[in-house]
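Visitor: If you scroll down you'll find the structure; I have some questions about it.
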Amino acid sequence: MKGWMGKFKFVFLLSFLAIILAGCGKENLTALVPKGYGAESSMNLIVLSTVIMTFVFIVVLSVYLIAIVRFRKKKGQENYIPKQVEGSKKLETIWTVIPIILVLILAVPTVAATFDLADESGKSDHINVDVTGNQYWWHFSYADEEVQTSQDLYIPTGEKVYLNMKSSDVIHSLWVPSISGKMDVNPENENTMYIEANEEGVYWGKCAELCGPSHSLMDFKVIAVSPEEYEQWVADMQSVDPEEEPQDAVAQDGKAAMEANNCLSCHAIGSSPNAVGPNLTNFGDRTKIVGYLETNKQNLVDWLLDPESIKPGNLMTGKYPELSEEEADSIAEYLLQLKPSEITPESAGN
Amino acid sequence: MTDNTNTNSFQKQKNKEEMKKQLITFALMIGFTIVAFSIVATEAMDKMFAVPLLLILALVQVGFQFYYFMHMKDRGHEFPAMMIYGGVFAALLTIAALVAIVWW
Amino acid sequence: MSIAAAQKKGFGAFLWDYLTTVDHKKIAHLYLIGGGFFFILGGLEAMFIRIQLIAPENDFISAGLYNEMFTMHGTTMIFLAAMPLLLGLMNAVMPLQIGARDVAFPFLNSLGFWLFMFGGILLNCSWFLGGAPDSGWTAYTPLSVESPTHGIDFYVLGLQISGAGTLIGGINFLVTIVTMRAPGMTYMRMPLFSWTTFVTSTLILFAFPALTVGLFLLMFDRMFGSAFFNVALGGNSVIWQHLFWIFGHPEVYILILPAFGVFSEVIPTFSKKRLFGYTAMVFATILIAFLGFMVWAHHMFTVGLGPVANAIFAIATMAIAVPTGIKIFNWLATMWGGSITINSAMLWALGFIPSFTIGGMTGVMLASAVADYQYHDSYFVVAHFHYVIVGGVVFGIFAGLHYWWPKMFGRILNEKLGKIGFWLFFIGFHLTFFIQHFLGLMGMPRRYWVFLEDQGLDTGNFISTIGTFLMAIAATIFLINIIYTAVKGEKPAGDPYDGRTLEWAIPSPPPYYNFKQLPLVRGLDPLWIEKMDGKDKMTPAEPLGDVHMPNGSILPFAMSLGFFVAGFGFIYQTDHQAWNLAIFVGMGIALGSMLIRSLKDDHGYHISKEELEREAD
Amino acid sequence: MSHDHSLNPETMPQEPEKATLEGKNKFLGLWFFLGGETVLFASLFGTYLALRNSTAGGPSGQDIFGLELVFLMTMLLLTSSLTSVYAMYHMKNNDFKKMHLWLGITAFLGIGFLACEIYEFYHYITDFGFTFRSSAFGSAFYTLVGFHGGHVVFGLSWLIALMVRNAKRGLNLYNAPKYYTFSLYWHFIDVVWVFIFTVVYLMGKVG
Ligand code: HEA
Ligand code: HEA
Ligand SMILES: [Cu+2]
């Protein structure tokens, strides 16, 4: 499939490059600069179909413009009556057959790619991550490795990672445009999709199926690191001791405050599969907190004091006693110190 | 409305014959129904065969309803037939979708 | 009622006349008013959407309100604006085009309108009663089941009622075309707009029941605790998606086919040439409708139906490009070699061709399943469907309105305002939606209340919003044009455009009985044939005689009002038992009206030959 | 056509239901409506088939369906289809009395059917605790069968209204199409029932 499409691709890559250079699209978010297997697969078809459509459009537009210019009623022709043509077998056959051919040219690689991306034959040989979509956050569970994390999905580059996805509430859809197209996350059954990143990087992921007021704030990240770094990360995550006391006093207060306010009945630190709320094991390493805010203490305190104003409709609001400023401050301090691994988004070159 | 007294007795005769056909149709429908119920009641047949057979019996019976009882076989029923078949086409797609694809 | 009664009356009588009318031409006026009202409403909602998205992380409206906004925008535009406007045009024109005095079921015609209107009002009442629906116009379960306000309940009942109206309208048009064509008007002599009316009505007939059932299931789940979509009790939320799209995809062709019909009238008239490849156009229309039923799952490529289903539906979807292409090329060939007049009606038709072609082509791009994994639920899709809907359907409606305005209202719309309006709208439209293709590919999902800073999406969204304002100005100019025309507009002759079809053979506006004598049709473009034979009138197919007319009735209004009241009952009975009373009262009114209708014979009345003779031509 | 729609044996057209334009319109309109109803019931059948095994631990079709009652219901409804054919036969022969007699029998059989159905639902609810809310299967079952039952109710009301209204005036070209369209509707209800007893009950029993 790739061979004969290469030629088209080259020409069109140039034009797309022009668009990108013109400032269209943020690297690591845009689907136009694919950095992973699925995204490339889609991009091939996008390019091919764009070529076909450009051709069609040029034909239509040329005939159209010539017709308007040449056959516009001219002065002195008010009573001219053109020949009443009924039709033309030949012409009509031509514009039936050519579109059929064009459609076939697009259909064949489409079918091939569809089956290719749905191929699950090698699933058990690869990393499997159980993904749960929740209003409005993502949970990632590495079942074999017994590692739990939320919001930041770590994967090794150059390797297929199978995502087994299910929703705990309404339908969501997982989309990381620069590495892969999207797939729905349904409540009644598991959907499987594989992703593969070619380069290290932090890729933006989004929820693409309307899931409530904060649908647009349900961002997450895919952090692609080298396979060695990935191994390291897994090992670090496995060795986390949730009971470990933090160093400084404020953070110790924070830990105590979390226990006092029952935070851990929903959230887990470490490999506990409890995921009513996001797992907090490597919270301090998160690229963003609550999906979209810069990771800093002020934002976290704001969140703890009034989540509703930050993510309308979220399910944490009202689930815990009102916190005092100090409590929030100390909890924030504690959480931001949870950095169990050397491997962070920075390792992915961010 | 060209027809009047002359054709009347002829018409009556025709109606009668038509009625006879309807009665035969009815007898067949009852027969099919009994067969269908006995297949299930006696558990005489494997599920693999029973289900398609039941469906065929139902289809034939429904054909009788449409073509004889509802006169779809008669002249002047081209549009009704077209619309029913249109409906059946959409219906089959719908059922196929919900049976086959929902649980993929 | 006699002709004399059609004289000037007081406002009360005027209103009563419209409330009780069963005349297809007046019902058309009602549809246009109702649809126009909802178009403005939907347009204002669109403006709220675009203003919210003018800048990143804007907080012009809140998250919840934003969801209500686009849900109501989509629902309103599709069900309450585009469809009724098209039904209005069909009502106004189709009976005239086939040479009929009225539609087959004048009473049901009126009922169809009032059901639509009350359904639409019911739906919009939600704004004032605790919150509008907020799960998208597609109302995917389980989000829609769990939505806490009554919004979705209004959605369910509003659409159920107005959907029933549409279904009634569809059956009415079908029967009209089958039984009431003028002598000599064979199917293959029928104007294309009438053909598309016919095919569209078939689509309505087969598509709407799926929506009806879907809405019932949703209603039962929300109001009566059933478990269709409740995963815990074995339900399956994908059933909704199938039912919705089995309806939803044919629905988009319900929208576009009548618009195709309009263009197939406008382009030949203003090219002074018969439609190129008439037969092919008819069959392409039928083929589009047929294929339209077999592609719904292209909205569900990412649901996880598996590669087999995705591949089949991808190919079936792409196939629709072929008949649609036939149409585009036939229109081009109609213009080719013609003598083209460019006035505002023709401008909308000319604007349509490239705009719709772009939209159709992005449709085929979407059909490529794997590519759709990227496009789906992104602004690329939003761009696609606005290109086909605005560039196709809305342009079609505007073309039709400009073209038939003199026939419907007896005044010609102002050309200058028409042209300015067109150009503003055309530019604004492309400005708004072209850039959205790229926004989508750059990673902007649809239904996003905010997009974040520093994601490269700012400029595109800004441009898009500016375009919307141009469209709004254009829409306002059109409104001004209507008012200006009503006051100062020029009065047309029966046939101001040198038309080709039967509607131009009678005065503008037509008398309430349409044709004194039914015309004899001798071929395609019957009026044109007569003109080419040097006559300026149709040959009558019957001697002048009494004309049978239906009586007006208030019952359709009463019935719809009944359902409207019952709708409130259904919505609120979950809060308090007492609301059951509203159900009883409402259903009582509705069923009572039905009973009156069936028990009271209504034979209509006759206009005598003498009276007809007194009427000038 | 004259204003007089009345009908006597001398001037009877072959098909009184289609003799006037209004009649022809009604005839076609109802047929087209049935085309739409086909899709409506298909959607319900599809939903039922998709959910028929989703019993969520509650009773399944195999557990509760009893064939005897369903057989009786089927016979009632099938016979009522034949009796309405008889009624139309007498309409064509312009024998109003006999037509009404057969229609009366039709209504009677329809009511019998409905009574059985109500008993059946009652039985499921009280003896098995199997309700509309028990499971997705329960919802789908009651909705499908209930929609059919609703159609029977509507058909019966229509029939009774027609008979009461016209009892004293006899057959004419104005009401002949009304009777005829009713009979079409009634046959269609029967058609749907044939699929219900096959797909829901028999196939449910087979498993
Ligand atoms: C009037 C409305 C209308 C029309 C006419 C169309 C027409 C088409 N649509 Fe569109 N569509 C919508 C309204 C419409 N659509 C809406 C509202 C949605 C979104 C709903 C939602 O999710 O909210 C949607 C979404 C939608 C999707 C789902 C996207 C997604 O959610 O992921 C797809 C996918 O295949 C699709 C495809 C098509 C195709 C192939 C056509 C074809 O019919 C187009 C055919 C026309 C042409 C191709 C152009 C002319 C042809 C030629 C000049 C010949 C030569 C051409 C070629 C060889 C290519 N549409
Ligand atoms: C017929 C269908 C139709 C039409 C005509 C339109 C018309 C427009 N639509 Fe849309 N739209 C949909 C159908 C339609 N739309 C659907 C189905 C959706 C999906 C909803 C969903 O996701 O569930 C959607 C979604 C949608 C979105 C995406 C929202 C999101 O995903 O978050 C956007 C954003 O730009 C948008 C914009 C517009 C704009 C700018 C117009 C413009 O063309 C509108 C132009 C018209 C006006 C601006 C009228 C203004 C009139 C006046 C100003 C008159 C002045 C008033 C007085 C004098 C009283 N629409
Ligand atoms: Cu579609």
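Visitor: Among the residues of segment D:144-169, what is the count of those that are open to solvent by 20 Å² or more (accessible area, probe 1.4 Å) and in a helix (DSSP H, G or I)?
Guide: Residues meeting the conditions: 13.
Visitor: Restricted to segment C:246-268, and to residues that are among the hydrophobic types (A, V, I, L, M, F, W, C) and touching a Leu at 6+ places or on another chain (Cβ under 6 Å), which residue is farthest from ligand 2 (Cβ to nearest atom)?
Guide: Per the stated criteria, the residue is C:Phe247.
Visitor: Here's another thing I want to ask about it. Which number in (1) under 33 Å from the mean Cα position of the chain (by Cα); (2) modelled with pLDDT under 90; (3) assigned to a helix (DSSP H, G or I) marks the one condition that C:Val585 misses?
Guide: Single failed check for C:Val585: (2).
Visitor: Do we find a residue being of a type in the set (Ser, Thr, Tyr), at the interface with chain D (Cβ under 9 Å from one of its Cβ atoms), open to solvent by less than 10 Å² (accessible area, probe 1.4 Å) and more than 16 Å from ligand 2 (Cβ to nearest atom) anywhere in segment C:187-201?
Guide: Yes - at least one qualifying residue is present in segment C:187-201.
Visitor: Can we say C:Thr279 is open to solvent by 10 Å² or more (accessible area, probe 1.4 Å) and more than 16 Å from ligand 2 (Cβ to nearest atom)?
Guide: When the stated conditions are applied, C:Thr279 passes them.
Visitor: Tally the residues that are aliphatic (A, V, I, L, M) and within 12 Å of chain D (Cβ to nearest Cβ), restricting the search to segment C:97-117.
Guide: Number satisfying all stated conditions: 4.
Visitor: Looking at A:Val222, A:Val202, A:Val240, A:Val234, can you tell me which residue is in the same structural domain as A:Glu159 (by TED's automatic domain parsing) and part of a loop (DSSP other than H, G, I, E, B)?
Guide: The match here is A:Val240.
Visitor: Which members of segment A:176-190 meet the condition of being at the interface with chain C (Cβ under 7 Å from one of its Cβ atoms) and under 17 Å from A:Gly205 (Cα atoms)?
Guide: Of everything in segment A:176-190, those that are at the interface with chain C (Cβ under 7 Å from one of its Cβ atoms) and under 17 Å from A:Gly205 (Cα atoms) turn out to be A:Pro177, A:Gly181, A:Lys182, A:Met183, A:Asp184.
Visitor: In addition: In segment C:235-259, what residues are open to solvent by 10 Å² or more (accessible area, probe 1.4 Å) and aromatic (Phe, Trp, Tyr)?
Guide: Of everything in segment C:235-259, those that are open to solvent by 10 Å² or more (accessible area, probe 1.4 Å) and aromatic (Phe, Trp, Tyr) turn out to be C:Trp245, C:Tyr253.
Visitor: Kindly check whether there is at least one residue in segment B:71-91 that is in contact with a Gly (Cβ under 9 Å, 6 or more places away or on another chain), of a type in the set (D, E, K, R) and assigned to a helix (DSSP H, G or I).
Guide: Checked against the condition, which is being in contact with a Gly (Cβ under 9 Å, 6 or more places away or on another chain), of a type in the set (D, E, K, R) and assigned to a helix (DSSP H, G or I), segment B:71-91 yields no hits at all.
Visitor: Turning to a different aspect of this structure: If a residue has to be more than 9 Å from every other protein chain (Cβ to nearest Cβ) and either at pLDDT 95 or above or not in a helix (DSSP H, G or I) (or both) to count, how many in segment D:170-180 make the cut?
Guide: Number satisfying all stated conditions: 4.
Visitor: Further question: Search segment C:316-348 for residues being part of a loop (DSSP other than H, G, I, E, B) and of a type outside the set (Gly, Ala, Ser), and hand back the single one that is nearest to ligand 3 (Cβ to nearest atom).
Guide: C:Ile320
Visitor: Being open to solvent by 10 Å² or more (accessible area, probe 1.4 Å) and touching a Ser or Thr at 6+ places or on another chain (Cβ under 8 Å) is the filter here, so list the residues in segment A:181-193 that pass it.
Guide: The answer is A:Met183, A:Pro187, A:Glu188, A:Met193.
Visitor: Now a separate question. Tell me yes or no: at least one residue of segment A:208-218 is open to solvent by 10 Å² or more (accessible area, probe 1.4 Å) and among the hydroxyl-bearing types (Ser, Thr, Tyr).
Guide: Checked segment A:208-218: no residue is open to solvent by 10 Å² or more (accessible area, probe 1.4 Å) and among the hydroxyl-bearing types (Ser, Thr, Tyr).
Visitor: Turning to a different aspect of this structure: Is it the case that segment C:352-368 has a residue that's under 30 Å from A:Glu78 (Cβ atoms) and assigned to a loop (DSSP other than H, G, I, E, B)?
Guide: Scanning segment C:352-368, I find no residue that is under 30 Å from A:Glu78 (Cβ atoms) and assigned to a loop (DSSP other than H, G, I, E, B), so the answer is no.
Visitor: May I pose another question? Tell me, please, whether a residue that is in contact with a strand residue (DSSP E or B) (Cβ under 7 Å, 6 or more places away or on another chain), open to solvent by 60 Å² or more (accessible area, probe 1.4 Å) and either away from ligand 3 (no atom under 16 Å from the Cβ) or without any contact (Cβ under 8 Å) to a residue 40 or more places away in the chain (or both) can be found in segment A:78-98.
Guide: no
Visitor: If you go through segment A:270-282 one residue at a time, do you hit one that is in a helix (DSSP H, G or I) and in the same structural domain as A:Pro345 (by TED's automatic domain parsing)?
Guide: No, there is no match, as no residue in segment A:270-282 is in a helix (DSSP H, G or I) and in the same structural domain as A:Pro345 (by TED's automatic domain parsing).
Visitor: Checking the conditions here, which among D:Leu76, D:Leu69, D:Leu82 is assigned to a helix (DSSP H, G or I) and at the interface with another protein chain (Cβ under 9 Å from one of its Cβ atoms)?
Guide: Step by step, each of D:Leu76, D:Leu69, D:Leu82 is checked, and only D:Leu82 is assigned to a helix (DSSP H, G or I) and at the interface with another protein chain (Cβ under 9 Å from one of its Cβ atoms).
Visitor: Pairs needed: first member in segment C:397-413, buried (at least 24 other Cβ atoms within 10 Å of the Cβ); second member anywhere, assigned to a helix (DSSP H, G or I) and among the acidic types (Asp, Glu); C-beta distance under 6 Å; at least 6 residues apart or different chains.
Guide: Sorted first by the residue in segment C:397-413, then by its partner, the pairs are C:Lys407/C:Glu503.
Visitor: Working only within segment C:277-293, note down all residues that are within 15 Å of ligand 3 (Cβ to nearest atom) and more than 7 Å from every other protein chain (Cβ to nearest Cβ).
Guide: Hits for segment C:277-293 are C:Ile288, C:Ala289, C:Phe290, C:Leu291, C:Gly292.
Visitor: Now, a different point. C:Trp296: under 27 Å from the mean Cα position of the chain (by Cα), within 18 Å of C:Phe206 (Cβ to Cβ), within 14 Å of chain D (Cβ to nearest Cβ) and open to solvent by 10 Å² or more (accessible area, probe 1.4 Å), yes or no?
Guide: So C:Trp296 does not fit the description; no.
Visitor: Counting only residues that are in contact with a helix residue (DSSP H, G or I) (Cβ under 8 Å, 6 or more places away or on another chain) and away from chain D (no Cβ under 14 Å), which one in segment C:589-613 is most open to solvent (accessible area, probe 1.4 Å)?
Guide: C:Ile589
Visitor: Only one of these is over 30 Å from C:Ala232 (Cβ atoms), open to solvent by 30 Å² or more (accessible area, probe 1.4 Å) and more than 9 Å from every other protein chain (Cβ to nearest Cβ): D:Ile125, D:Ile111. Name it.
Guide: D:Ile111
Visitor: State whether one or more residues within segment A:167-181 are without any contact (Cβ under 8 Å) to a residue 60 or more places away in the chain, under 18 Å from the mean Cα position of the chain (by Cα) and over 23 Å from C:Trp240 (Cα atoms).
Guide: No - not one qualifying residue is present in segment A:167-181.
Visitor: Testing C:Phe434 on (1) within 14 Å of another protein chain (Cβ to nearest Cβ); (2) within 10 Å of ligand 1 (Cβ to nearest atom), one condition comes back false. Which one is that?
Guide: (2)
Visitor: Looking at (1) surrounded by 18 or more Cβ atoms within 10 Å (Cβ to Cβ); (2) more than 12 Å from ligand 1 (Cβ to nearest atom); (3) hydrophobic (A, V, I, L, M, F, W, C), which is the only condition A:Val60 fails?
Guide: (2)
Visitor: Hey, another quick one. Do we have C:Leu305 as away from ligand 1 (no atom under 12 Å from the Cβ), free of Cβ contacts under 8 Å to residues at least 40 places away in the same chain and not in a helix (DSSP H, G or I) here?
Guide: When the stated conditions are applied, C:Leu305 passes them.
Visitor: Which members of segment C:323-352 meet the condition of being out of contact with any Leu (no Cβ under 8 Å at 6 or more places or on another chain) and facing chain A (nearest Cβ under 8 Å)?
Guide: C:Gly325, C:Ile326, C:Ile328, C:Leu332, C:Met335, C:Trp336, C:Gly337, C:Gly338, C:Ser339, C:Ile340, C:Thr341, C:Leu350
The values are calculated or read from the model by the stated rules, or taken from the named source; none is laboratory data. Source: prediction; values computed, not measured. Cβ atoms come from the backbone with ideal geometry, glycine included; neighbour counts cover every protein chain shown. To get the accessible areas, we keep the full protein, side chains included, count just its heavy atoms, and leave off ligands, DNA and RNA. Shrake-Rupley method; radii C 1.70, N 1.55, O 1.52, S 1.80 Å.
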